[in-house]
Structure formats: C-alpha cells, structure tokens
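Report on one structure; see the data block that follows.
The values are calculated or read from the model by the stated rules, or taken from the named source; none is laboratory data. These numbers were taken from a predicted model, which means no experiment stands behind them. Neighbour counts are summed over all protein chains in view; Cβ atoms, including those assigned to glycine, are modelled from backbone coordinates with ideal geometry.
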Amino acid sequence: MRDREGRLTPPERMKRVFSGELEAIKKVPKNKRGPLATAVTLRVSHLFSRWLERMVDSQWSGSAPQLMLIAMLSRHKSLTMGEAAELLDVTPRAITRLVDGLEKSGLVTRQSSPHDKRVYIISITAKAEALAKEMMPKHEKQMAELFSVFTEAELIEYLRLNSKLAEHLKNNLRKEN
C-alpha cells in the first residue's frame, strides 16, 4: 500500500504494533516476537540517532559521538584511548578517528602514558571544558524531555532492559571473535 507521496505504508495492524499498542503486540505469535523486537529496536535506534544529530547544539560543529567523548572527558578529565573506546562501545580505529578530529580542533590532547608508551591518554582542554560547561545543561534538559514520556518506574525498567540487551549483545560479539 502506498500513501499520497508514493511511499510504502504498513498495514494498519503493523502501525498499531509499531506504535506499541499492547493488544496488537499480544496478537503477534510468540515465534515472531523476536523479529518484531529486532525491527522495533532498529527503528528506535535510527530515530534516536536522527534526533540526537538534530539536537546537537548549533555551536557544536562535530558529531554526536565526539560530543559524547567531550562529555565523558569533562567528567573524567582524562582517559586512555582504550577506556574511551570501551565507554563509547566503539572500535580502537573509531576512537582514533574521533580523537584525531577533536585534537585538530584543540578540544583534546593526546600523550603517551609515562608507564607504557603503547598506551595513549586523552585529556580535555580548557577550550573543551568551557564548551561542555555551556552546552551540557541544554543537552541534559533535551534528553530529560525526550525520556519524560516514561514514568519513573518505566524509565528504570527501560534502562534495565536495554542494559540487559546490551550486555547480551556484547557477550555474543565476544563469542564470535
């Protein structure tokens, strides 16, 4: 089925499932709930990525992952490249690219560890500290507004379930390596 602009539109039943209507979800056969959960997760992750990119402050010319790294460094002051990669759940190559861009902008510095020359420590600069101090309250407010759709109990359950799924995904990825 297509809408007036020619885009494919899902049947009404699927719209109800994707909008989270409990009765529609209960009618999905149990053996199809895993694929449905996958589809919903992909949809939410895509929408969240788009929302996050759009909400990144206009003063910030970098990417959302760079902003997340700045936010982490503003709390920790310095991290090893490995710690930063682990906290952001990215590969060593991805963290290197993030740090390269931030270093060029004068927002972070990178130094070899005095204890192990193979380990690099990234530290936040005063310029990035000032930027984070200015931007983070606005972003935290936007994030709080996004999740205000949940009651306190729902938010805690959402966090618990997402953490459980993330841990399961990490374990599966480790098994494959």
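Brief remarks follow.
Residues are listed down the side, and each one gets a yes or a no for (1) small (Gly, Ala, Ser); (2) under 23 Å from Leu169 (Cα atoms):
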site: Ala71; (1), (2): yes, no
site: Met81; (1), (2): no, yes
site: Glu86; (1), (2): no, yes
site: Leu98; (1), (2): no, no
site: Ser105; (1), (2): yes, no
site: Val108; (1), (2): no, no
site: Ile122; (1), (2): no, no
site: Ala126; (1), (2): yes, no
site: Ala130; (1), (2): yes, no
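Condition check ((1) modelled with pLDDT of 95 or more; (2) under 18 Å from the mean Cα position of the chain (by Cα); (3) within 22 Å of Ala64 (Cβ to Cβ)) across all residues:
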residue	(1), (2), (3)
Arg110	yes, no, yes
Pro114	no, no, no
Lys117	no, no, no
Ser123	yes, no, yes
Glu129	no, no, yes
Ala132	no, yes, yes
Met136	no, yes, yes
Gln142	no, yes, yes
Leu165	no, yes, yes
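- Across the range 112-169, the number of residues qualifying as closer than 26 Å to Glu83 by Cβ and of a type in the set (S, T, N, Q) comes to 6.
- Qualifying residue in the range 146-153 (condition: farther than 24 Å from Ser61 by Cα, free of Cβ contacts under 8 Å to residues at least 24 places away in the same chain and among the small types (Gly, Ala, Ser)): yes
- As a summary of the residue check, Ala85 satisfies the conditions (1) under 19 Å from the mean Cα position of the chain (by Cα); (2) over 24 Å from Ala166 (Cα atoms) except for the one numbered (2).
- From the list Thr41, Thr96, the lone residue that is of a type outside the set (A, V, I, L, M) and within 26 Å of Leu146 (Cα to Cα) is Thr41.
- Qualifying residue in the range 15-32 (condition: at pLDDT 85 or above and outside the structural domain of Ala132 (by TED's automatic domain parsing)): yes
- Strands (runs of 3 or more DSSP E) fully within the range 41-155 that include at least 2 residues being loosely packed, with under 14 Cβ neighbours inside 10 Å: 108-112.
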